[in-house]
Amino acid sequence: MPASDAALIGVDWGTSSFRAFLMTEGGDLLNRTRSADGVLGLSKDAFPQFLTDRLRDWLSGYPGIPILMSGMVGSTVGWVDVPYLTCPVSSKDLTTALHYVGALEGHNVWIVPGIKTMAASGSPDVMRGEETQIAGALSLLGGAGGQGLFCLPGTHSKWVLVDGTGIASFATYLTGELFAVLGTHSILRFDDGMTVDESAPAFLNGIQFAKTPGGLPHHLFSARARVLTGEIGSDDVPSYLSGLLIAHELMAAAGIFGLDKDVTLIGDPSLTRTYQSACNHLGIAATAVNGEQCAQRGLHEFSRHLSLRSKGTADA
């Protein structure tokens, strides 16, 4: 592939993972690399050297092309703490506020800012990285009228409403982390080899039970009680617990955003498949798109609206 074909290095750098994409000016993917080297595994001064080592062939083979990054790399635990923009936030707002980090081996480095909002609960809420995936999803879906309701399942699931102003509001749910903590450090803990099966009766049982009175703390103990009374087996606990927690998240999101509109799920297929199954059981229309593809497309979308080849151009 001629060096002239490469025009951008996009990096999606989160808490526990690193993904980089080498792209043409038109956004076509030339190469990719990924690892489990999230920002939490690096000290503050280690980011430049890590990126240099990880992308050495690209940096030397495609001199001068810009590097655009999104995610927790722009947080207090990342390379640079990039200030949040406040909702509502449009794609133009994000591209205008791209933060210039400096030069790395002759390549200008930029970071997409995160977003903050005041949630419907009255508490502040924040995101980093999801704004880029949403921009990519809108592009992959043909713009979707620039509107829609998006769910990004994960350790901290995000529900994001996009309207004519851009990202209008969002809410974060600790569903994935709660599942991990309960499965590891509580009376509900299960063996590492046990996995969630969204087609299992236990998963559906968890979804159905979430709709009954009692609240989440009571519902969580039911996973223990059902094992002790023989209603479910111990190997059913992950699926039951997953169905229970996801259903609570879906119903809570419905209370804020309403689920009378289609939901677009963005993420790893293993996660979006589980959420899509829960949506189907609750009568919620949902489609799924690949999170990595959305991150790649979103980084390209932001880069093409603004020249990243020189700091002077970008700051103008």
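Read-outs throughout are calculated quantities, based only on the coordinates presented, and are distinct from any laboratory measurement. Just so it is clear, the structure is predicted and the values come from calculations on it, not from any experiment. Positions of Cβ are backbone-derived with ideal geometry, glycine not excepted, and every protein chain shown enters the neighbour counts.
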Rank these for me by crowding, T96, T264, going from fewest to most other beta carbons within 10 Å.
T96, T264
Please list, in chain and number order, the residues 5+ apart from N108 or on another chain whose amide H is under 5 Å from its amide H, with Hs placed from the backbone.
I67
Would you give the gap between the C-alpha center of the stretch 130-163 and the C-alpha center of the stretch 207-247, rounded to a whole Å?
30
For the stretch 7-79, which trypsin sites (Lys or Arg not before Pro) pass both filters: DSSP loop (anything but H, G, I, E, B) and at most 14 other C-beta atoms within 10 Å?
K44
If amide H atoms are built 1.01 Å from N in the plane of the peptide, which residues on other chains or at least 5 residues away come under 5 Å of the amide H of S75?
V80, V82
With the 8 Å Cα cutoff and a minimum separation of six or more residues, the stretch 174-284 has a relative contact order in percent of 32
What is the packing order of peptides 115-123, 202-210, 158-166, 20-28, taking the mean over residues of other C-beta atoms within 10 Å and listing the highest first?
202-210, 158-166, 20-28, 115-123
Once the Cα atoms of helix 216-228 and of the chain are each reduced to a long axis, what angle between those two axes, in degrees from 0 to 90 to the nearest 10, is obtained?
60
Which lysines, if any, have their Cα less than 17 Å from the Cα of K158, not counting same-chain residues under 8 positions apart?
K116, K261
Sorted by chain and then number, the residues having a modelled amide H within less than 5 Å of the amide H of D197, at least 5 places away or on another chain, are S239
Starting from the Cα of K44, draw a straight line to each of the lysines and keep only those under 20 Å, dropping any in the same chain fewer than 8 residues away.
none
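Please identify every one of the trypsin sites (Lys or Arg not before Pro) in the stretch 219-299 that sits in a loop by DSSP and has no more than 14 other beta carbons within 10 Å of its own beta carbon.
Values: sites: R224, R226, K261, R273, R297; in loops: K261.
When the trypsin sites (Lys or Arg not before Pro) of the stretch 219-299 are filtered for loop state and at most 14 Cβ neighbours within 10 Å, K261 remain.
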